[in-house]
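The structure appears below as structure tokens.
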Amino acid sequence: MSALEKSMHLGRLPSRPPLPGSGGSQSGAKMRMGPGRKRDFSPVSWSQYFESMEDVEVENETGKDTFRVYKSGSEGPVLLLLHGGGHSALSWAVFTAAIISRVQCRIVALDLRGHGETKVKNSEDLSAETMAKDVGNVVEAMYGDLPPPIMLIGHSMGGAIAVHTASSNLVPSLLGLCMIDVVEGTAMDALNSMQNFLRGRPKTFKSLENAIEWSVKSGQIRNLESARVSMVGQVKQCEGITSPEGSKSIVEGIIEEEEEDEEGSESVNKRKKEDDMEGLPSETQNLLLFLQTKKDHPYTWRIELAKTEKYWDGWFRGLSNLFLSCPIPKLLLLAGVDRLDKDLTIGQMQGKFQMQVLPQCGHAVHEDAPDKVAEAVATFLIRHRFAEPIGGFQCVFPGC
């Protein structure tokens with residue numbers, strides 16, 4: 001079993017308490033609350049971390065597409081942030097606050113097509129080629145023919161799209177490239193178990209608070225502060241249906257997330273409702289079940305990742321060599337050194353890129369340890385003289 005497969009399986013188990021200093025100052029204090037206090041799972045607005053939000057219009061053959069971006073900073077290079085599959089630009093919120101306080105830079109966090117609040121004509125086309133073109137088009141729409149110096153930073157799927165964008169020369173002012181916890185070898189190995197992983201997730205949630213609580217307790221996001229803003233971009237309110245058949249996939253996929261002391265009464269009520277529906281036509285039962293589901297579970301995932309399977313191979317196959325061939329300074333941040341494949345191991349020994357391992361993190365490294373990721377990126381920017389330090393920040397990773 002590959003390292004990424006292990007992390008996916010472990011991610012379905014309750015996360016271990018973070019070690020002191022292992023997940024940034026945000027994570028440690030919030031995850032170790034006393035037994036007498038209840039953690040706050042309420043959602044937090046993007047405006048707590050970003051300075052502004054903008055919908056960027058991009059013209060194409062079929063009309064106009066609108067891409068949501070969140071921005072901070074007014075000077076220095078642009079850090080263009082690309083999220084992972086199923087996530088959104090809001091996954092970069094806490095990292096944005098951390099990096100802005102360390103170096104002089106501008107942040108542009110982008111909702112990729114099919115994700116977050118971005119609206120496109122064909123949201124089902126998630127090919128690497130299409131999404132890479134989207135990134136180039138957004139840069140052109142925002143900055144015209146003279147874009148500022150830009151560094152692409154991507155997590156997981158977003159890291160793969162960043163590499164495809166760079167290798168296709170779609171951002172003319174590109175000065176650097178950073179991939180976060182995505183390696184071709186382990187990613188390709190993990191694809192075989194990805195559908196099982198996705199089937200293991202709840203299909204719906206009673207509320208945003210319930211979704212945030214699940215993300216933390218399941219270990220998907222180990223930093224409560226990030227989860228409170230990030231999950232808002234991952235789920236949406238359930239939409240209506242036009243026929244009873246349309247409800248079946250939702251009804252059959254419900255996973256109850258009730259507390260233990262509620263399970264008894266819940267099961268009694270459930271049996272009573274089932275008894276009341278006996279004798280009704282099956283289509284009527286399905287519709288009634290869905291209406292009750294919509295009432296009790298009004299939130300679901302914004303994107304059905306299982307339906308994107310045909311694009312997975314194209315995201316990751318050949319990624320290591322593409323990354324190594326990009327003629328710009330490169331940074332690779334990993335949750336574990338065992339994630340390196342053969343090509344990257346050789347490239348790292350030859351000094352073709354800088355690497356930093358951040359232990360005690362899950363796959364969402366930039367959410368679990370935003371301070372440490374910010375320190376690594378800031379050090380990279382300063383060492384290459386792409387940005388100036390602020391607030392007395394000094395490079396903290398001499399080996400990277």
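Listed values, structure above:
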{"read-out": "Residues that are farther than 17 Å from residue 224 by Cα and either buried (at least 23 other Cβ atoms within 10 Å of the Cβ) or under 14 Å from the mean Cα position of the chain (by Cα) (or both), drawn from the stretch 359-375", "value": "374, 375"}
{"read-out": "Residues within the stretch 140-163 that are over 18 Å from residue 376 (Cα atoms) and open to solvent by 10 Å² or more (accessible area, probe 1.4 Å), tallied", "value": "10"}
{"read-out": "Residue match in the stretch 168-176 (condition: surrounded by fewer than 24 Cβ atoms within 10 Å (Cβ to Cβ), over 23 Å from residue 79 (Cα atoms) and over 16 Å from the mean Cα position of the chain (by Cα))", "value": "no"}
{"read-out": "Any hit, the stretch 13-24, residues being at pLDDT below 95, surrounded by 21 or more Cβ atoms within 10 Å (Cβ to Cβ), in contact with a Pro (Cβ under 7 Å, 6 or more places away or on another chain) and within 23 Å of residue 395 (Cβ to Cβ)", "value": "yes"}
{"read-out": "Test: residue in the stretch 148-160 that is part of a strand (DSSP E or B) and of a type in the set (Val, Ile, Thr)", "value": "yes"}
{"read-out": "Test: residue in the stretch 110-117 that is without any contact (Cβ under 8 Å) to a residue 60 or more places away in the chain, basic (Lys, Arg) and open to solvent by less than 20 Å² (accessible area, probe 1.4 Å)", "value": "yes"}
{"read-out": "Residue that is most open to solvent (accessible area, probe 1.4 Å), among those in the stretch 49-104 that are farther than 17 Å from residue 126 by Cα and of a type in the set (Ser, Thr, Tyr)", "value": "74"}
{"read-out": "Lone unmet requirement of (1) touching a residue at least 12 places away in the same chain (Cβ under 8 Å); (2) under 24 Å from residue 78 (Cα atoms); (3) open to solvent by 40 Å² or more (accessible area, probe 1.4 Å) for residue 343", "value": "(2)"}
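A quick yes/no check of all residues on (1) more than 22 Å from residue 186 (Cα to Cα); (2) at pLDDT 95 or above:
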position	(1), (2)
288	yes, no
295	yes, no
301	yes, yes
305	no, no
323	no, yes
328	yes, yes
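The values are calculated or read from the model by the stated rules, or taken from the named source; none is laboratory data. Computed from a predicted model, the values in this text were never measured in an experiment. Neighbour counts are summed over all protein chains in view; Cβ atoms, including those assigned to glycine, are modelled from backbone coordinates with ideal geometry. Heads up: the accessible areas ignore ligands, DNA and RNA and are worked out on the full protein's heavy atoms, side chains in. Shrake-Rupley method; radii C 1.70, N 1.55, O 1.52, S 1.80 Å.
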